[in-house]
Amino acid sequence: MADSFPWLSLLIFLPLAGAGALSLVEERHARLLALAVTLADFVVALPLWWLFDPSSSRMQFVEHVAWITSPPIHYSLGVDGISLPLVLMTAALMPLCVLVSWESIVTRLRAFMAVLLVMEAAMLGVFVALDFVLFYVFWEAMLIPMYLIIGVWGGPNRLYAAIKFFLYTLAGSVLLLVAILVLYFYGGRTFDVLALSQVTYPAAVQQWLFLAFFAAFAVKVPMFPFHTWLPDAHVEAPTAGSVLLASVLLKMGAYGFVRFSLPMLPDASRAMTPLMAALSIIAIIYGAYMALAQVDLKKLIAYSSVSHMGFVTLGLFVMNQQGIEGAVLQMVNHGITTGALFLCVGIIYERTHSRLIADNVGLAKPMPRYATFLVLFALSSLGLPGTNSFVGEFLVLVGTFLWSKAATALASLGIILAAAYLLYMVQRVVFGVPSARELPHLKDLDLREFGTLVPLVVLVFWIGLFPNPLVSRMHSTVTKTLETMARTKVAPMTHPSAAVVPPVVLSGRGEEGRP
Amino acid sequence: MTAYGTDLIIILPELIIVAAACLILILDPLTPRPKKELLAWLSLGSLALCIGLTGGQMGVLNLPLSAFSDLVVVDGYARFWKLLLYGVTGLTILMSLPYLKMEGLHLGEYYGFILLALSGMMVMVSGADLLTIYLGTELMSLSLYVMAGLKRSSPRSLEASAKYFVLGAFSSGLLLYGISLLYGLSGGTRLSTIAGALGARGFDDPMLLIATILLTVGFGFKLAVVPFHMWTPDVYQGAPTAVTAFMAVASKAASFAAFLRVFVEGLGGLKADWSMLFVLLSVLTLVLGNVVAIVQTNIKRMLAYSSIAHAGYALIGLVAAGRSAGESGGTSGIASVMLYLTFYAFMTLGAFAIIAMFRKGGLEGDEIEDFTGLAKRQPLAALIMLVFMVSLTGIPPTAGFIGKFYVFMAAVEAGLSWLAAVGLIFSAVSAYYYMRVVMLMYMREPEASAAEPSHLVPSPALSFVLACAVAGVIIFGLFPTPVVNLALQSVLLLK
């Protein structure tokens, strides 16, 4: 921690400055500037990988400045083994989002790039915030830019999709604010996430807080049955928006569970495990079945996200080393693979102006390079050994196996179904026989698109073949999270507030609530 | 005689404002039409003087001073509200400059009435006696009745004025009746006398219950809380927009200030009882304000219902103050109301400033549909409106979020987590109608058939008002600490 350089602030404020600078440049330079800013941000993020000390479970690159004095709210940042991979993934994906919007966004390009950069700042802020209010500020600040991305630059049904996304996520997260305030009074009048994680809360309070957290995070993940905004939002969003939604926004829900629900509310989490696992398995199987039936490529990938995120929540809530590490790894993997698949759909949409599988049949012949990439990413998504998703899903299933064999068997069905819907999609899109009028002169990938996809291929195989550097960075953090959870046995029912207070009206006076 | 002189010095800001108002009314007939703007600058000058006077007392000299044998008190609480009211009045006057010109209302007395209303509000926030507060309320209301009807060519404006007057007079009667009952019960109208006589009696005496309810009804009309909100949409829609902004912000702030003082300083012993009453009112207000706003097509009406809903959020703070037991004295609850109304002032004033100068043809474009496609025509105007709508929804990093944060924090502290949850759920509901404006501005193409699309008429005064409002919303959203500390210093203590 001797290193006092404010890496994380730089990471957050660089895109914001870029968004400001965009208002000064001409429309035609907007793309270049946005690309430069996102690349610069990635360059800032990259050294963290090496500077990060994998043996330490502490927060690193910590910044701690008072922001609001009463109540004490701090501008407090830091990363650990769970947030570091997500920060790097976000920073790595942003240049690709700019690249894929290079030609597909035609109206108000400058505004689009500015909104994209604001999104980047808010997303990175969510992953590095160590103060609960600061976290909430970033969490909510994302809503408006994402609403605009879907609503202004989206597809034909964008208005409906945008407001649905907005209201769903807002309705979920307002209860989070109540929960944060309740935690403040029970946890010794602090919003510090690490300090709040050290407090044992009465069991009844934990139950309610868990439900409030659940409302916010489950909508974002999205867990079955709160997933209905997702297909609409994904389908209508422009490609960059879909990538951000799938790769980063969905991770925030899972990140919320592992950062807040598990360490702060261990008893409630343990009590809820069967329910959470059941919802996860339903999501895995239901999402996969829905994906099988889709005729729209984006919808297919959207439902596959529901299924894949089911693995993540399953891994988190079996609450053992393998499960959580697998889940965090799977968060990164899903970000890479699904992001790549959305990029692929965006690229083909620019050419054929249709996302329907029926309109994009037999691409192997006119676009061999494109077809190669699509097959690669599809194989990665279905968890072929050697690719990244295999490692993550395998770890999750190992973790689940330690918890329940039946659940493992059910969850494995999801992998089989994933193979079914993805290979069926590949069979038609890549190798199908196009109808005669359909075989136009589709241009294969150009250099820009090539450059968009190649980094992701590298990541797919790197994590697939050498997952150890990544996993080793998570290891001590996950161990510590589990230790934090184990520290609390059963919440003492002799606790003054637990015994007296009915669960709804938390008479949350700090003095009583403190253990 | 010397003591009388001290009294006059204590209320010097009020005297300056009244003198300036009278001067304007005298000068008005003598000023030729093109020079009427000078009267506005005169009133701004008097405001600047008052800001200096009151602001100068804020720091180390923030001592409570009472005058006229405790009829009036100038304490930190009063100074806080006065500064807010000066600011709001100043911005309203600036906003009115281009607005009156656009509407062809060359009325110098307009500025006189604004200042008279302001002096009434200042008396309200400084009143330590029910009758002083009543007099202030009446001075404010009478000026506002006239101002609501200033657009004499518009039937809606006249209707608004008449409706406001009838209902306002009725509510004043109820207020006065409540005061007279309290006088009968306690033998005085000083808030301190009432507090001393009532002690912690509770509602065991039915007369006390009736008196409290009558006071609540009387103030409820001024605050526009459900079920005493009926006049609000019609009056807000009909009145000239600058006046609407003034009513929605300044009159609401002053009424809340007096309301808080009466219930905290005068009826503080009954806090357990009145907070139950206000729980009911705040929930009703939140539900009705937010739900009915959804179906509005006129943006002034929508903002009227939104201002009703915001009064509901502010009431939560008062409920929290009443319910919080112990040594903290409900400080956080009362401070949260003060903060909420301060932040609300900036965003609502800004939104109304845009509506006032939003023109379709020569007329005010006050239908929500008129905002369709604004982002294409005037990106900056649309962005500013977006900021206000986001802040009204209460999404960070805007002042609206900070205001809600403190209110809900006070509620949770007082053990009313469920009320905070209800409030927040309805703020999610409110997102629907605020975001509809954003949706129309950014995501819909304007109809090609419209001969002259609606647009914001720029002017230096408007730019200044909008700059202040946006700066307030953003800066207080990011760095609220100074205002928070100010509010905490000047808060009333609930004994």
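Residues in the range B:376-392 that are over 17 Å from B:F352 (Cβ atoms) and more than 8 Å from every other protein chain (Cβ to nearest Cβ): B:K376, B:R377, B:Q378, B:L380, B:L383.
Assess whether A:V182 counts as being within 23 Å of A:T69 (Cβ to Cβ), in contact (Cβ under 8 Å) with a residue 24 or more places away in the chain and at the interface with another protein chain (Cβ under 10 Å from one of its Cβ atoms). So A:V182 passes the test.
Within the range A:1-40, can you find the residues that are among the aromatic types (F, W, Y) and either closer than 18 Å to A:R110 by Cβ or surrounded by 13 or more Cβ atoms within 10 Å (Cβ to Cβ) (or both)? Answer for the range A:1-40, where residues must be among the aromatic types (F, W, Y) and either closer than 18 Å to A:R110 by Cβ or surrounded by 13 or more Cβ atoms within 10 Å (Cβ to Cβ) (or both): A:W7, A:F13. Looking at this structure, is A:L8 assigned to a helix (DSSP H, G or I), over 11 Å from A:L117 (Cα atoms) and touching a strand residue (DSSP E or B) at 6+ places or on another chain (Cβ under 6 Å)? Criteria met by A:L8.
Is it fair to say B:G87 is small (G, A, S) and surrounded by fewer than 16 Cβ atoms within 10 Å (Cβ to Cβ)? It is false that B:G87 is small (G, A, S) and surrounded by fewer than 16 Cβ atoms within 10 Å (Cβ to Cβ). A:R189 passes every criterion in (1) more than 9 Å from chain B (Cβ to nearest Cβ); (2) at pLDDT 90 or above apart from (2).
Filtering A:Y186, A:Y136 for residues that are touching a helix residue (DSSP H, G or I) at 6+ places or on another chain (Cβ under 9 Å), of a type outside the set (A, V, I, L, M) and over 17 Å from A:V258 (Cα atoms) leaves a single hit, A:Y186. In the condition set (1) more than 14 Å from chain B (Cβ to nearest Cβ); (2) surrounded by 14 or more Cβ atoms within 10 Å (Cβ to Cβ); (3) in contact (Cβ under 8 Å) with a residue 60 or more places away in the chain, A:S55 is compliant with all but (2).
Of all the residues in the range A:129-179, those that are closer than 30 Å to A:S104 by Cα, of a type outside the set (F, W, Y) and either in contact (Cβ under 8 Å) with a residue 60 or more places away in the chain or not in a helix (DSSP H, G or I) (or both) number 13.
For B:E413, the criteria (1) facing chain A (nearest Cβ under 9 Å); (2) more than 28 Å from B:A356 (Cα to Cα); (3) surrounded by fewer than 24 Cβ atoms within 10 Å (Cβ to Cβ) hold in every case but one, which is (3). Within the option set A:L244, A:L183, being within 18 Å of the chain's Cα centre (by Cα) and crowded, with 24+ Cβ neighbours inside 10 Å holds for one residue only, A:L244.
Counting the residues of the range A:21-53 that are farther than 11 Å from A:W7 by Cβ, part of a helix (DSSP H, G or I) and among the hydrophobic types (A, V, I, L, M, F, W, C) gives 15. Do you know which residues across the range B:416-436 are at the interface with chain A (Cβ under 8 Å from one of its Cβ atoms), buried (at least 24 other Cβ atoms within 10 Å of the Cβ) and either in contact with a Lys or Arg (Cβ under 6 Å, 6 or more places away or on another chain) or more than 13 Å from A:I180 (Cβ to Cβ) (or both)? Within the range B:416-436, B:L416, B:S427, B:A431, B:M435 qualify.
Looking only at residues of the range B:438-473 that are within 12 Å of another protein chain (Cβ to nearest Cβ) and surrounded by 15 or more Cβ atoms within 10 Å (Cβ to Cβ), we find that the one that is nearest to B:A78 (Cα to Cα) is B:V438. Of all residues in the range B:377-400, those being touching a residue at least 40 places away in the same chain (Cβ under 8 Å) and either under 20 Å from the mean Cα position of the chain (by Cα) or part of a helix (DSSP H, G or I) (or both) number 16. Comparison of B:L97, B:L181 shows that the only residue that is in a helix (DSSP H, G or I), of a type outside the set (G, A, S) and crowded, with 20+ Cβ neighbours inside 10 Å is B:L97. Scanning the range A:139-167 for residues that are more than 9 Å from chain B (Cβ to nearest Cβ) and more than 13 Å from A:H234 (Cβ to Cβ) yields A:M142, A:P145, A:W153, A:P156, A:Y160. So for the range B:355-364 (the condition being over 30 Å from B:L181 (Cβ atoms) and assigned to a helix (DSSP H, G or I)), does at least one residue qualify? Checked against the condition, which is being over 30 Å from B:L181 (Cβ atoms) and assigned to a helix (DSSP H, G or I), the range B:355-364 yields at least one hit. Identify all residues within the range A:59-114 that are among the basic types (K, R) and in a helix (DSSP H, G or I); write none if there are none. Matches in the range A:59-114: A:R110 only.
Scanning the range A:289-316 for residues that are in contact with a His (Cβ under 8 Å, 6 or more places away or on another chain) and among the small types (G, A, S) gives A:A302, A:S305. Screening the range A:192-206 for residues that are among the small types (G, A, S) and touching a residue at least 24 places away in the same chain (Cβ under 8 Å) and picking the one that is nearest to the other protein chains (Cβ to nearest Cβ) gives A:A204. Out of the residues in the range A:278-296 meeting the condition of being over 14 Å from A:L382 (Cα atoms) and either of a type in the set (V, I, T) or surrounded by 24 or more Cβ atoms within 10 Å (Cβ to Cβ) (or both), tell me which one is modelled with the lowest pLDDT. Among residues in the range A:278-296 that are over 14 Å from A:L382 (Cα atoms) and either of a type in the set (V, I, T) or surrounded by 24 or more Cβ atoms within 10 Å (Cβ to Cβ) (or both), the one modelled with the lowest pLDDT is A:V295.
The values are calculated or read from the model by the stated rules, or taken from the named source; none is laboratory data. Not measured: the values here are computed from a predicted model. All Cβ positions, even for glycine, are placed from backbone atoms using ideal geometry, and neighbour counts span all protein chains on display.
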